[in-house]
Amino acid sequence: MSKSKSGKPMVAIVGSINMDLVVKTAVLPGPGQTVRGRGFSSMPGGKGANQAVAAARLGAEVQMIGKVGSDDFGEHLLMCLNKNQVDTAGVVVAEGVSSGLAIVMVDGRGENSICIVAGANGQMHADDVLAQEEIIAGADVLLLQLELPVPTVLSAIRLARKHAVKTIVDPAPAAADTPPELLNVDIITPNHIEAGIMVGEPIKDVRSAKTVASALVAYGPEAVVVTIGEKGAVLVDKSDRIRHFPAPKIRIVDTTAAGDAFTGALAVAIARDEKLSDAIRYANAAGALACVKFGAQPAMPTRQEVEELLGRQE
Ligand code: RIB
């Protein structure tokens, strides 16, 4: 049963809020190469904020904890979260600091390369999280990513543990030396590239995804869900359950934030007390739908869109 008064699933997110500066290009430039862009737009993004918008559009009550800068971007980013019914009482405006930024390049096949500049996200400290203990304690699920400083994320994990709040960590961006405590949570949701970096073994197919996910279980999470793009997701859990969940077939426009839609949807389904296998099917549909539209937050699907896609599959 949800902790919220409304009976809606309650999701809290401690995470990044970025302005995405997005360039479309036929091919992504390699080192030392200059390529021509086909268009530019700025859109709200940041893994934390994208997951917040995803969860809100899928029907959860969502509380965002984070920081924006005292600039025009910060004002716009807050407005976008509020427009999507995300509660931003836990978001602080950091004076004299720029908002987080991401330079996103999307190629003709919808693949992307992203470079982030932390800005205000880098000013989110453990104390800022401790100040929001009430929000975390009141959540059904806490959602975290790695675009905030590691000690900040760790303080959120410890608070969630103190209040027995289920925790999902999307370990992105990934590092080979990710502290094991960051992964010692209920569920982690790396994509195939991140999982490969953490384990030091590239994922090439569903089979190698299962091997790498099994290695990640040793870090302590109850379950590892590795997303593998068009091929869907692989689950490995502590009771040695190993399963592949194929993704719905869609026409890809832009894969940016597909993983955020996936993790946001997984959090909502878990907060609704769904079985993990059903939650992964739901998340697969949300992740696929995020690829049919351009951009990060603008592409997050609604509950109706996800349910229609799942209905069509059955
Ligand atoms: O996951 C996509 C997101 O990664 C973008 O919105 C960008 O801001 C970076 O955080």
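Within the stretch 55-78, restricting attention to residues that are of a type in the set (A, V, I, L, M, F, W, C) and in a loop (DSSP other than H, G, I, E, B), which residue is nearest to V253 (Cα to Cα)?
Applying the filter and picking the extreme gives L58.
Being at pLDDT 95 or above and more than 25 Å from L142 (Cα to Cα): is that true of R243 here?
No; evaluated as a whole, the condition is false for this residue.
Hey, which of the strands (runs of 3 or more DSSP E) in the stretch 100-151, taking only ones fully inside, have at least 1 residues that are free of Cβ contacts under 8 Å to residues at least 40 places away in the same chain?
112-117
State which residue pairs qualify: first residue among the hydroxyl-bearing types (S, T, Y) and inside the stretch 161-187, second residue in a loop (DSSP other than H, G, I, E, B) in any location, beta carbons under 9 Å apart, and separation of 6 or more residues or different chains.
That search, which allows pairs on different chains as well, returns T167/V185; T167/D186; T178/L146; T178/P171; T178/Y219.
If I go through the stretch 2-54 residue by residue, how many of them are in contact (Cβ under 8 Å) with a residue 24 or more places away in the chain and not in a strand (DSSP E or B)?
Residues flagged as in contact (Cβ under 8 Å) with a residue 24 or more places away in the chain and not in a strand (DSSP E or B) within the stretch 2-54 amount to 22.
Working only within the stretch 134-146, note down all residues that are under 22 Å from T263 (Cα atoms) and either more than 16 Å from the ligand (Cβ to nearest atom) or surrounded by fewer than 19 Cβ atoms within 10 Å (Cβ to Cβ) (or both).
Across the stretch 134-146, the qualifying residues are I135, I136, A137, G138, A139, D140, V141, L142.
Here is a list of conditions, (1) crowded, with 18+ Cβ neighbours inside 10 Å; (2) charged (D, E, K, R); (3) within 14 Å of the ligand (Cβ to nearest atom), and E111 meets all of them except one; can you say which number that is?
(1)
Among (1) basic (K, R); (2) within 16 Å of the ligand (Cβ to nearest atom); (3) over 29 Å from R158 (Cβ atoms), there is one condition K83 misses while meeting the rest; what is its number?
(2)
If you go through the stretch 55-69, how many residues are touching a residue at least 60 places away in the same chain (Cβ under 8 Å), under 22 Å from E305 (Cβ atoms) and buried (at least 24 other Cβ atoms within 10 Å of the Cβ)?
4
Does G39 meet the test of being surrounded by fewer than 17 Cβ atoms within 10 Å (Cβ to Cβ), more than 21 Å from V117 (Cα to Cα) and not aliphatic (A, V, I, L, M)?
yes
Table: residues versus (1) among the charged types (D, E, K, R); (2) touching a His at 6+ places or on another chain (Cβ under 7 Å); (3) within 16 Å of the ligand (Cβ to nearest atom).
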{"position": "S2", "(1), (2), (3)": "no, no, no"}
{"position": "P9", "(1), (2), (3)": "no, no, no"}
{"position": "S16", "(1), (2), (3)": "no, no, yes"}
{"position": "T25", "(1), (2), (3)": "no, no, no"}
{"position": "P31", "(1), (2), (3)": "no, no, no"}
{"position": "R38", "(1), (2), (3)": "yes, no, no"}
{"position": "S42", "(1), (2), (3)": "no, no, yes"}
{"position": "K47", "(1), (2), (3)": "yes, no, yes"}
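Select from the stretch 277-314 the residues that are out of contact with any strand residue (DSSP E or B) (no Cβ under 8 Å at 6 or more places or on another chain), under 15 Å from A247 (Cβ atoms), part of a helix (DSSP H, G or I) and within 13 Å of the ligand (Cβ to nearest atom) and list them in ascending order.
Listed by number, the list holds a single entry, A290.
The values are calculated or read from the model by the stated rules, or taken from the named source; none is laboratory data. Values in this document were obtained by computation on a predicted structure and should not be read as measured data. Because the Cβ atoms are built from the backbone with ideal geometry, glycine has one as well, and the counts that use them run over all protein chains shown.
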